[in-house]
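**Student:** Would you mind keeping the following structure in view while I ask a few things?
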Amino acid sequence: MGSVSPGEQTHLRLSRLCLGWSRGLPGKQPSRAPREPAPHPHPAVPGPQPGAGMLAGRAVLFLSLTWTTCRGLAMPRVTECGVSCSPGFACRSRVNRNIFNSFCRQAPRSLSPSVLEALTLSTAMKCAPHDDCSLVLHVQASLTLHEGLRGLEACSMNVDTQETRCQSVRVSRASRRLQVGRQLQVHFDCFEVGVAQSLYVTLRTVPHFCGIQLDRQYHVEAKKFSYRVDRDRKVVLVQAPEAPAGSDYYVRLCLKWFTCEDVGAPARVTANRLSRTVSLPYSRELPCLCLEGWSATPDAVRMQACPFEDDTEALWDAVHYHPGAQALSWEPACPVSGHVSLCWRPGPGALCHHLEHSGRAAEGRVQYPRVDTQPQLCLKFSTSRGFWVRCPFKGQRFQAWKMTVQPAASQGHLRVTFFSPEAAHFQVYLCQQRKMWPPACRPALWATALPPASGDFMAGPAVAFVDVPRDEACVPNTCIQGRRTDMLFSAPQQLCDLRCPASQGTAD
């Protein structure tokens, strides 16, 4: 067995301690928990206990370090609800289910409105030995003790039911005399809550002085699972959280459309399972491929996370050509909000120019009938995140027509010849390039069909030609543009800036 570094040994010890803390140490019966919660080692007692300061200080340091480490591994846990306050303060607590005093008294001039310093809220899990677990609201508050204050009161109101519960802490008179001006920190752990509850929490002084209070709104969320993606193995490793009431937990992969559709069977993590990590395989990295987790309890809230929500590349690759129907189709594997259109690129690296009447909403399957298989013909996808271009015919497996320009037999003309593996009809345009697209093109010249030829040039025999005036075609910034007319969607080919009079070229 390989050696383990001191840092790794410390991490292993803390991991085992966290696991033992959350489940009970293996081989031992869990001991009865103290009256006060373990995370707060300073209970509210009538007074300080002599001789315990050094031991308590070391315990506080050790438990604080351990608790900080464990918080990254699991939801904070308490064994019994209670109230605790800072060391050196003699405190006693009271739980009151009635709404606290709505009437306030005038604050003394010596009492600053900022005497209440902080109010932080979080969710913890209360698990008594040999009993089920439940969620509690953890309230942490602090104030600067004033001679006119006797303590703190925190109240939590359920926004839906208006039910209000309060807890208060009183500092003894003797302790107040000694601690005036010092910071008092109080922890409340007895507010039982439920998943998806909305709470309104108020912190006030005892007695209640007008204008001195802190308010917070808080939404109780289910404990989220954590995950890691292994792209090499194409699996998602999910760490399931501990569910309340010792229930099982389910995790699954699903495609998020109107509902989340199953991708394989859900994985079940039983309550007594030592390892809470499951492995979920996947085939494609899609932005709508999500994780969904929920506890096996009635009306459980389902938590979702989508590991690949930024990986949209796979969506644009779902382009298919159907040779029999000469149709080009695209069907997204995930919901997409945007537009699709056909475009053509005059050359490598050039902008892809929109083809008229090809715009479609990207709301589902998109199909273009009678599409010419030109390498320059592409699909352009536009969303709020940007745009993507796919050119499905860019390759050797698709045969496409070609256009050449050579001197014609008749003087003063150039002959534009079209070669195609199949019968086709063409037009020729003379276009003047300009700064803004599209170029200014003159009326079309129809190509004359040629009889079937036995010879073969590049992709096929010559099928049509047209003669254009040399003095018009050889003007600077002029392009000869050829288009196929017997298809609904076709990308043009063009030759620009011909070198006349020895003008000869081929468009591919």
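The values are calculated or read from the model by the stated rules, or taken from the named source; none is laboratory data. All values derive from a computational prediction rather than experimental measurement. FYI the Cβ positions are ideal-geometry reconstructions off the backbone, even for glycines, and counts take in every protein chain you see. Just so you know, the surface numbers come from the protein's heavy atoms only, side chains and all, with ligands and any DNA or RNA stripped out. Shrake-Rupley method; radii C 1.70, N 1.55, O 1.52, S 1.80 Å.
**Student:** Please determine, by comparing only the residues of region 118-127 that are open to solvent by 20 Å² or more (accessible area, probe 1.4 Å), modelled with pLDDT of 90 or more and not small (G, A, S), which one is nearest to H219 (Cα to Cα).
**Tutor:** L121
**Student:** Same structure again: Looking only at region 345-355, count every residue that is at pLDDT 90 or above and over 33 Å from the mean Cα position of the chain (by Cα) and tell me the total.
**Tutor:** Of the residues in region 345-355, 1 are at pLDDT 90 or above and over 33 Å from the mean Cα position of the chain (by Cα).
**Student:** Still on this model: Kindly indicate whether L184 is closer than 24 Å to V95 by Cα and either of a type in the set (A, V, I, L, M) or touching a residue at least 12 places away in the same chain (Cβ under 8 Å) (or both).
**Tutor:** Taking the combined requirement at face value, the residue satisfies it.
**Student:** Sticking with this structure for a sec: Just need a number here: residues in region 168-189 that are in a strand (DSSP E or B) and either surrounded by 21 or more Cβ atoms within 10 Å (Cβ to Cβ) or over 39 Å from the mean Cα position of the chain (by Cα) (or both).
**Tutor:** Counting residues in region 168-189 that are in a strand (DSSP E or B) and either surrounded by 21 or more Cβ atoms within 10 Å (Cβ to Cβ) or over 39 Å from the mean Cα position of the chain (by Cα) (or both) gives 10.
**Student:** Take the residues in region 273-294 that are outside any loop (DSSP other than H, G, I, E, B) and open to solvent by 20 Å² or more (accessible area, probe 1.4 Å), then tell me which one is farthest from R252 (Cα to Cα).
**Tutor:** T277
**Student:** Is it true that some residue in region 420-431 is open to solvent by 50 Å² or more (accessible area, probe 1.4 Å), out of contact with any strand residue (DSSP E or B) (no Cβ under 6 Å at 6 or more places or on another chain), at pLDDT 90 or above and over 24 Å from T312 (Cβ atoms)?
**Tutor:** The answer is yes, given that some residue of region 420-431 is open to solvent by 50 Å² or more (accessible area, probe 1.4 Å), out of contact with any strand residue (DSSP E or B) (no Cβ under 6 Å at 6 or more places or on another chain), at pLDDT 90 or above and over 24 Å from T312 (Cβ atoms).
**Student:** For residues in region 81-106 being closer than 23 Å to L178 by Cβ and assigned to a loop (DSSP other than H, G, I, E, B), which is modelled with the lowest pLDDT?
**Tutor:** So, considering only residues that are closer than 23 Å to L178 by Cβ and assigned to a loop (DSSP other than H, G, I, E, B), the one modelled with the lowest pLDDT is G88.
**Student:** Can you pull out the residues in region 342-400 that are touching a helix residue (DSSP H, G or I) at 6+ places or on another chain (Cβ under 8 Å), among the aromatic types (F, W, Y) and either closer than 18 Å to S490 by Cβ or without any contact (Cβ under 8 Å) to a residue 60 or more places away in the chain (or both)?
**Tutor:** none
**Student:** Of the residues S382, S358, which single one is among the polar types (S, T, N, Q), over 18 Å from R483 (Cβ atoms), open to solvent by less than 50 Å² (accessible area, probe 1.4 Å) and touching a strand residue (DSSP E or B) at 6+ places or on another chain (Cβ under 6 Å)?
**Tutor:** After ruling out the rest, the residue left standing is S382.
**Student:** Applying the selection to region 476-508, what residues are of a type in the set (A, V, I, L, M, F, W, C) and either at pLDDT 85 or above or not in a loop (DSSP other than H, G, I, E, B) (or both)?
**Tutor:** Matches in region 476-508: C479, I480, M487, L488, F489, A491, L495, C496, A507.
**Student:** Moving on. Kindly provide the set of residues from region 205-228 that are under 19 Å from L111 (Cα atoms) and open to solvent by less than 40 Å² (accessible area, probe 1.4 Å), ordered by number.
**Tutor:** T205, V206, P207, H208, F209, I212, L214, listed by residue number.
**Student:** Now for a different question. When you go through (1) surrounded by 14 or more Cβ atoms within 10 Å (Cβ to Cβ); (2) in a strand (DSSP E or B); (3) under 18 Å from the mean Cα position of the chain (by Cα); (4) not polar (S, T, N, Q) one by one for Y250, which number turns out not to apply?
**Tutor:** Here Y250 meets the rest and fails (3).
**Student:** Do any residues in region 257-283 that are closer than 14 Å to G293 by Cβ have Cβ atoms under 7 Å from those of residues that are assigned to a loop (DSSP other than H, G, I, E, B) and aliphatic (A, V, I, L, M), where the two are at least six apart or on different chains, and which pairs are they?
**Tutor:** Filtered contacts from region 257-283: V269/A240; R276/A240; V278/A240.
**Student:** Among (1) out of contact with any Pro (no Cβ under 9 Å at 6 or more places or on another chain); (2) under 23 Å from F103 (Cα atoms); (3) at pLDDT 90 or above; (4) buried (at least 16 other Cβ atoms within 10 Å of the Cβ), which single condition is R165 missing?
**Tutor:** (3)
**Student:** In region 295-307, which residue that is of a type outside the set (G, A, S) and either more than 21 Å from G364 (Cβ to Cβ) or touching a helix residue (DSSP H, G or I) at 6+ places or on another chain (Cβ under 6 Å) (or both) is most open to solvent (accessible area, probe 1.4 Å)?
**Tutor:** Taking the candidates together, the pick is D299.
**Student:** Considering only region 120-129, how many residues are aliphatic (A, V, I, L, M) and more than 30 Å from the chain's Cα centre (by Cα)? Give the derivation first.
**Tutor:** Narrowing region 120-129 to residues aliphatic (A, V, I, L, M): 121, 124-125, 128.
Remaining after also requiring more than 30 Å from the chain's Cα centre (by Cα): 128.
So the answer is 1.
**Student:** For region 360-390, give me each residue that is assigned to a loop (DSSP other than H, G, I, E, B) and under 34 Å from the mean Cα position of the chain (by Cα).
**Tutor:** A362, E363, G364, R365, S384, R385
**Student:** Which residues, counting only those in region 253-268, are modelled with pLDDT under 90 and either open to solvent by less than 60 Å² (accessible area, probe 1.4 Å) or not in a strand (DSSP E or B) (or both)?
**Tutor:** Listed by number, the residues that qualify are W257, F258, T259, C260, V263, G264, A265.
**Student:** Also, I was wondering about something else. Within region 315-330, does at least one residue satisfy the condition of being buried (at least 18 other Cβ atoms within 10 Å of the Cβ), assigned to a loop (DSSP other than H, G, I, E, B) and in contact with a strand residue (DSSP E or B) (Cβ under 9 Å, 6 or more places away or on another chain)?
**Tutor:** no
**Student:** Which residues, counting only those in region 348-374, are in contact with a Leu (Cβ under 8 Å, 6 or more places away or on another chain) and closer than 21 Å to F426 by Cβ?
**Tutor:** Result: L355, S358, Y368, P369, R370, V371.
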